[in-house]
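Below is one structure, written out as structure tokens; comments come after it.
The values are calculated or read from the model by the stated rules, or taken from the named source; none is laboratory data. Quick caveat, the model's predicted, so the values are computed rather than measured. Please note: Cβ atoms are built from the backbone with ideal geometry, for glycine as well, and neighbour counts cover all protein chains shown. Note: accessible area is taken over every heavy atom of the protein model, side chains too, but ligands, DNA and RNA are not part of it. Shrake-Rupley method; radii C 1.70, N 1.55, O 1.52, S 1.80 Å.
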Amino acid sequence: MVLPFLVVALNAVKSPAEYSADGPLSLPHGIHLDGLRDFWERVDFGRKLFNSALISGSVAVLAAALSVLNAYAIGIGRVKGRPWVLAFFVLATMLPQEALVYPVYYLTKQVGLYDTRLSVIIVFTVIQSAFGTYLLSSVLGAFPKEVIEAARIDGANKWQVLWRVVVPVSRPTLGVLLVFFFIWTWNEFLLPLVMLISNDNQTVSVALGVLQGQRLMDATMTNAAALLGVLPALCFFLIFQRTLTRGIAMGAVR
């Protein structure tokens with residue numbers, strides 16, 4: 001994983017002449033930021049970065065909250081037909097996005113949300129929460145009943161048990177889900193490509209795909225685009241790496 005990133009980073013700061021003469025695996029003779037600057041200005045990358053951050057952050061928070069509510073009802077509330085409900089969520093996670101393109105496109109057209117960031121946030125919140133519900137249901141299914149009974153004896157209602165007992169204990173798992181949901185949504189391409197047709201609403205991944213279609217032979221700009229596209233997600237992962245590691249370790253101990 002490190003070597004491809006280094007190759008892309010080195011090629012992003014080469015001049016086109018150096019790339020053509022020395023090849024993609026050679027070291028640059030100097031740092032040239034023309035490719036990065038040209039890509040930033042060509043696709044209005046600052047706007048695309050804001051759109052991706054807004055959509056990914058909103059989906060991560062909303063999908064985690066929806067997953068907690070669903071898993072609380074399934075794992076602790078013990079709804080009827082629990083295995084069938086979990087099977088439905090598993091099936092939802094296995095459904096290819098290609099099968100969702102036309103139904104989602106038609107529905108958003110009907111309700112007037114087509115080509116809006118809100119439509120993408122709603123769709124990905126539902127998609128990501130399917131996996132989050134399945135994962136948290138297995139975690140909350142093994143939640144100690146004595147703790148819940150003690151909270152209820154102290155006078156806590158269902159909402160208080162959820163927010164004051166279940167959520168604090170499940171915080172490491174929720175941290176893992178937040179990181180995964182953010183990165184997964186950041187890297188999504190097909191649905192944003194179909195749902196966000198205006199330039200002001202497009203995300204970073206869509207901008208990269210459009211650029212490669214227009215400037216396929218400009219290797220320096222293509223590498224600069226790839227570098228700028230992966231850096232925000234990489235920084236987010238590094239910032240929350242400790243949260244991710246702690247959550248995985250807590251799940252292994254349990």
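Descriptive notes on the structure:
- A Förster distance of 30 Å, applied to the separation of the beta-carbon atoms of R152 and F88, puts the FRET efficiency at 0.55.
- The lysines within cross-link reach of K158, meaning a Cα-to-Cα straight distance under 22 Å and a gap of 8 or more places when in the same chain, are K80, K145.
- Per-residue accessible area (protein heavy atoms, 1.4 Å probe) orders W184, W163 as W163, W184, starting from the largest.
- When only alpha carbons are used to place a centre, region 70-118 and region 191-207 end up 22 Å from one another.
- Additional length obtainable on full extension of the chain from A65 to L95, 0.36 nm per residue less Cα span: 8.6 nm
- Computed from backbone phi, the HN-Hα couplings of region 224-237 come to 5, 5, 5, 5, 5, x, 8, 4, x, 5, 5, 5, 4, 5 Hz, rounded to whole numbers (Karplus: 6.51 cos²θ - 1.76 cosθ + 1.60, θ = phi - 60°; Gly and Pro given as x).
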